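The block underneath contains the structure these notes are about, expressed in structure tokens.
The values are calculated or read from the model by the stated rules, or taken from the named source; none is laboratory data. Keep in mind that this is a model prediction, so the values were computed, not measured. Quick reminder, even Gly has a Cβ in these numbers, built from the backbone with ideal geometry, and neighbours come from all protein chains shown. Just the protein is used for accessible areas: all its heavy atoms, side chains included, with ligands, DNA and RNA removed. Shrake-Rupley method; radii C 1.70, N 1.55, O 1.52, S 1.80 Å.
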Amino acid sequence: MGFETARHLASLGMHVIIAGNEREEGTAAVRKIDEEGIEGKAEFVFMDLTSLKSVRQFVQTFTDRGLPLHVLVNNAGTMLVPEGQTEDGFEFHFGLNYLGHFLLTNLLLDLLKRSGRLGCCSRIVNTSSATHYAGVLDMDDLNKRLCYSSHGAYSQSKLALVLFTYYLQEQLTAGGFPLTVNAVDPGMVDTALYNNLWSLAQALKKPVAKILFRTPAEGASTAIYTAAASEMEGVGGCYLYNGQKTQSLDVSYNSELQAKLWKKSCELVGLQES
């Protein structure tokens, strides 16, 4: 989905930077986009979202170039992996799917604010998932050390992204900044995310995928719409599925929980709470 998003945004004339931890895959994606002879351009820059140090290095490298930033799509993710930790000691789903994006977004926030203007807001798109509806945010055990379940860890990370989206939009609106943030649900997409299913589930998935699963291009469509459509100008604080505003899990609208998660997230990644 990341490739399809990058390809489409580049086709709209944007300068797209693909940030990821797979150099070979990223370079191949850029080459494929360039071969299409589109109006925009793409490039790959290394960043490992499981490493707070790597995220900080990427942001420093990017900001040193003096480029504006009009759209940030937080698309990277992992799903249903065995229990493990990032190099900073966070549960892997929580660290990669949520905390890495939380730090990246906050470090780029001032640039995003400066790049937008009235009538042409900058945009942040957070890729969540329908699994957030099953998510439970345990503020006392965000790293799932007491009881680990890969599905529970994944759904918690996706719920955290929705809470983060809503809280951030509240701050942006209160400050009158030309920047919006929304969360999107791509649906069930036939990607490598499902490689971590156990073997029988893998075998059963293959014949079903072509019928029930979306292609990566179809899965990316809502993120692309949210990032680029004129109808989304100035619209923030939404959860979108199939290009439509949709109700997210009830608890995701809990402003007290949003604030608690924001404060805790700042502590975990070493940011001063704003």
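Tabulated data for the structure shown
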| read-out | value |
| --- | --- |
| Residue among Gly37, Gly26 that is farther than 22 Å from Leu159 by Cα, surrounded by fewer than 21 Cβ atoms within 10 Å (Cβ to Cβ) and free of Cβ contacts under 8 Å to residues at least 24 places away in the same chain | Gly37 |
| Selected residue [among the hydroxyl-bearing types (Ser, Thr, Tyr) and at pLDDT below 95] from Thr5, Thr63, Thr86, Thr27 | Thr5 |
| Residue in the stretch 41-55 that is over 18 Å from Val125 (Cβ atoms) and aromatic (Phe, Trp, Tyr) present | yes |
| Failed condition for Tyr148, given (1) over 23 Å from Gly236 (Cβ atoms); (2) under 17 Å from the mean Cα position of the chain (by Cα) | (2) |
| Residue ranges of helices (runs of 4 or more DSSP H) in the stretch 1-98 with at least 3 members within 30 Å of Asp141 (Cα to Cα) and out of contact with any His (no Cβ under 7 Å at 6 or more places or on another chain) | 52-64 |
| Number of positions in the stretch 100-140 that are of a type in the set (D, E, K, R) and touching a Leu at 6+ places or on another chain (Cβ under 6 Å) | 1 |
| Looking only at the stretch 139-154, and only at residues there that are touching a helix residue (DSSP H, G or I) at 6+ places or on another chain (Cβ under 9 Å) and surrounded by 13 or more Cβ atoms within 10 Å (Cβ to Cβ), the one that is nearest to Tyr241 (Cα to Cα) | Tyr154 |
| Residues being open to solvent by 50 Å² or more (accessible area, probe 1.4 Å) and either free of Cβ contacts under 8 Å to residues at least 40 places away in the same chain or of a type in the set (Gly, Ala, Ser) (or both) - total across the stretch 155-178 | 2 |
| Number of positions in the stretch 234-269 that are in a loop (DSSP other than H, G, I, E, B), farther than 19 Å from Ala6 by Cα and open to solvent by less than 60 Å² (accessible area, probe 1.4 Å) | 8 |
| Hits in the stretch 217-233 - residues which are surrounded by fewer than 18 Cβ atoms within 10 Å (Cβ to Cβ), more than 14 Å from Thr180 (Cβ to Cβ) and not charged (D, E, K, R) | Ala217 |
| Verdict on Gln85 being farther than 30 Å from His151 by Cα, polar (S, T, N, Q) and open to solvent by 40 Å² or more (accessible area, probe 1.4 Å) | no |
| Of residues in the stretch 90-134 being in contact (Cβ under 8 Å) with a residue 24 or more places away in the chain, small (Gly, Ala, Ser) and over 15 Å from Trp262 (Cα atoms), the one surrounded by the most Cβ atoms within 10 Å (Cβ to Cβ) | Ser128 |
| Residue match in the stretch 113-124 (condition: of a type in the set (A, V, I, L, M) and modelled with pLDDT of 95 or more) | yes |
| Test result for Val184, among the aliphatic types (A, V, I, L, M), free of Cβ contacts under 8 Å to residues at least 60 places away in the same chain and assigned to a strand (DSSP E or B) | yes |
